[in-house]
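Data block below; observations after.
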Amino acid sequence: MEAEALPVIAGLGLARDDPPAIPPPAPALSWSGTVKGTAAGSENHTLAVTVVCPGKCRKHGVDNIGTVPAAVTAYLAVQALTPDLIISAGTAGGFSARGALVGDVFLATGFANHDRRIPLETFDAYGVWATDAHPAPRLAASAGLKSGVVTTGNSLDATDADLLAMAANGAAVKEMEAAGAVWAAHLFDTPMLALKSVTDIVDGDRPAAEEFLANLSTATTALHVSWVCGYGERRELSPLEKRAPLVSHSTHTHTLSLVSQDKLALALGFIAGKKLDEL
């Protein structure tokens, strides 16, 4: 959502793109700027960043959320901006069975769908569409991130069938966009990471909406960013020093805590000047 992406836009000092990075009729808006490297040896490097909001639904007037807008916006962003790397960053429900606590930030090890049930030979695996995230162990260590599989569905709640599928996926966190984005990234052979901040516990005792509202009221910043994308020339394992979109999108819930914003800044600073195999 645009209003909830504005804190990260302001925090990174980004300016509104005119014209936007993704042209009409797509409703996406974008902001661009640079982030300085923070890791040892990369202090003189910069990472160009663009925030892209998918905009409003023309029919209902609400922010576009879910896997369809995620896939379409990711596809158009990759097509227009030729990324080296996409990082899907945002909020999610976490699983206590996988060690998740509210406020934790997870780095994805893989992606899967949990609500695409197609009980036909060979189509069952297609429905889940499980795939690995780009490995980034140094990033996890540097930013103090937990790690696990990100599972995606198009509903805020979860049915019993969804819960069984999420368990089969080995999910650490549950959200609404990453699997759509990674499908689009895969079409272009573009690697993708994900950073997901836990705002409620899926296998806990409290209803997701109730826990979300409690965390929303105590959040110190409204940060609603789903896709942080590093873009540069399409060079194999190239330093990310040129154009680098950060794509904002609605997610499972509606805020990230201040610690999550710090993790995002740490991650971007760490990536600046790095090669993909150095993450």
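The values are calculated or read from the model by the stated rules, or taken from the named source; none is laboratory data. Quick caveat: nothing in here was measured; it's all calculated off a predicted structure. Here Cβ is always computed from backbone atoms with ideal geometry, including for glycine, and neighbour counts include all displayed protein chains.
Observations on the structure shown:
- Residue among Asn154, Asn169 that is of a type in the set (S, T, N, Q), farther than 20 Å from Gly103 by Cα, touching a residue at least 40 places away in the same chain (Cβ under 8 Å) and surrounded by 20 or more Cβ atoms within 10 Å (Cβ to Cβ): Asn169
- Qualifying residues in the range 123-148 (those that are closer than 22 Å to Pro69 by Cβ and in contact with a Phe, Trp or Tyr (Cβ under 9 Å, 6 or more places away or on another chain)) - the one surrounded by the fewest Cβ atoms within 10 Å (Cβ to Cβ): Thr131
- Residue check for Thr151: closer than 25 Å to Lys275 by Cβ, among the β-branched types (Val, Ile, Thr) and modelled with pLDDT of 95 or more: no
- Options Gly13, Gly37, Gly41: the member that is of a type outside the set (Phe, Trp, Tyr) and at negative phi: Gly37
- Of all residues in the range 180-196 being under 16 Å from Pro54 (Cβ atoms) and among the small types (Gly, Ala, Ser), the one that is surrounded by the fewest Cβ atoms within 10 Å (Cβ to Cβ): Ala184
- Scanning the range 8-66 for residues that are loosely packed, with under 12 Cβ neighbours inside 10 Å, at pLDDT below 80 and under 22 Å from the mean Cα position of the chain (by Cα) yields a count of 1.
- Being out of contact with any helix residue (DSSP H, G or I) (no Cβ under 7 Å at 6 or more places or on another chain), among the charged types (D, E, K, R) and assigned to a helix (DSSP H, G or I) is a condition met by at least one residue of the range 122-137.
- Some residue of the range 114-134 being among the β-branched types (Val, Ile, Thr), in contact with a Ser or Thr (Cβ under 7 Å, 6 or more places away or on another chain) and at negative phi: no
- Options Phe123, Phe111; residue that is of a type in the set (Phe, Trp, Tyr) and over 16 Å from Ala167 (Cα atoms): Phe123
- So Ala71, is it surrounded by fewer than 24 Cβ atoms within 10 Å (Cβ to Cβ), of a type in the set (A, V, I, L, M), in contact with an Asp or Glu (Cβ under 7 Å, 6 or more places away or on another chain) and closer than 19 Å to Lys196 by Cα: no
- Test for Ser155: is it over 14 Å from the mean Cα position of the chain (by Cα), in a loop (DSSP other than H, G, I, E, B), hydroxyl-bearing (Ser, Thr, Tyr) and under 24 Å from Thr199 (Cα atoms): yes
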